[in-house]
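Nothing in this text is a laboratory measurement; each read-out follows from the coordinates by a stated rule. In this text the structure is predicted, and so the values were computed from the model without any measurement. No Cβ is skipped: glycine too gets one built from the backbone with ideal geometry, and neighbour counts run over all protein chains shown.
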Amino acid sequence: MGKKNKLQKFEDLKIFKNVLEFPEDIKGNWNNKVFKNNNPIILELACGKGDYSLAMAERFPDKNYIGVDIKGARIWVGANKAIQEKQDNVAFLRAYIEDLINYFETEEIQEIWITFPDPYLKDSKAKKRLTSERFLKMYRALLPESGVVHLKTDSAPLFEFTLESIAKDKTIIQNASRNIYAEATLEPLLDIQTYYERMHLRDGRNIHYVRFQFVD
Ligand SMILES: C[S@@+](CC[C@H](N)C(=O)[O-])C[C@H]1O[C@@H](n2cnc3c(N)ncnc32)[C@H](O)[C@@H]1O
């Protein structure tokens, strides 16, 4: 079959077993209803085509990965790959990240990756940035004590905003770089490149990374 159009992809999403669209009654039930095991769950927020989720899931079969994004046609790409590759430790949630608290129980997830989120550079949109105060509050509520969040971005303003935002919260920065490929050593998981990252690298942009931990 040739390339599918958006409408066909949306139809597929309804039957893909690894995609949940605005689900009800999933909060607290991901492991027993979706993964059927008790492995730790890691989220990829703004996952797009789910490159990080798929790559990490392949490296760590004993962990479960959920990519979250609102755009169905992008999620379709990752979900379809996971089905083709029989990667049953990856799932996708189509939802607004603002609403995560409706889909996950406290401490249901172990770790969060945020991969190349829209930077929302206008001041009027600052609240939409995925590392603004209200999002940090929500991540803290969902993660276990000392939960870890990773952010990868090409946007220097979003990166600096994030450093300010986490400095106002009780956090410890575990690692930070304004150009990961200029560092002497690249952290193991930072070699995974997303669709957007590859585009940014072709445009000669620096890739920024910060990993922080919530503390009391
Ligand atoms: C620039 S793309 C990055 C996609 C992917 N992580 C990559 O690096 O290729 C940003 C993604 O974030 C998603 N997104 C942004 N804000 C969102 C929100 N509040 N809730 C759900 N998805 C969101 C968009 O739909 C888009 O797919």
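Only a single criterion out of (1) in a loop (DSSP other than H, G, I, E, B); (2) among the β-branched types (Val, Ile, Thr); (3) touching a strand residue (DSSP E or B) at 6+ places or on another chain (Cβ under 7 Å) is not satisfied by Thr106, namely (3).
Search the stretch 62-90 for residues being outside any strand (DSSP E or B) and within 9 Å of the ligand (Cβ to nearest atom), and hand back the single one that is farthest from Met138 (Cα to Cα). Among them, the one singled out is Arg74. Can you find a residue that is touching a residue at least 12 places away in the same chain (Cβ under 8 Å), within 13 Å of the ligand (Cβ to nearest atom), over 16 Å from Glu111 (Cβ atoms) and of a type in the set (Asp, Glu) anywhere in the stretch 50-58? There is at least one residue in the stretch 50-58 that is touching a residue at least 12 places away in the same chain (Cβ under 8 Å), within 13 Å of the ligand (Cβ to nearest atom), over 16 Å from Glu111 (Cβ atoms) and of a type in the set (Asp, Glu). Within the stretch 109-131, residues that are touching a residue at least 40 places away in the same chain (Cβ under 8 Å) sit with their Cβ atoms under 6 Å from residues that are among the basic types (Lys, Arg) and within 13 Å of the ligand (Cβ to nearest atom), at 6+ positions apart or across chains, in these pairs: Thr115/Lys152. In the stretch 60-89, the residues that are closer than 16 Å to Lys6 by Cα and without any contact (Cβ under 8 Å) to a residue 40 or more places away in the chain form Cβ pairs under 8 Å with partners that are in a loop (DSSP other than H, G, I, E, B) and among the charged types (D, E, K, R), at six or more places apart or across chains, as follows: Arg74/Lys49; Val77/Lys49; Gly78/Lys49.
Looking at Leu143, Leu158, Leu151, Leu93 in this structure, which one is away from the ligand (no atom under 12 Å from the Cβ) and either under 26 Å from Asp191 (Cα atoms) or β-branched (Val, Ile, Thr) (or both)?
Being away from the ligand (no atom under 12 Å from the Cβ) and either under 26 Å from Asp191 (Cα atoms) or β-branched (Val, Ile, Thr) (or both) holds for just one of Leu143, Leu158, Leu151, Leu93, which is Leu143.
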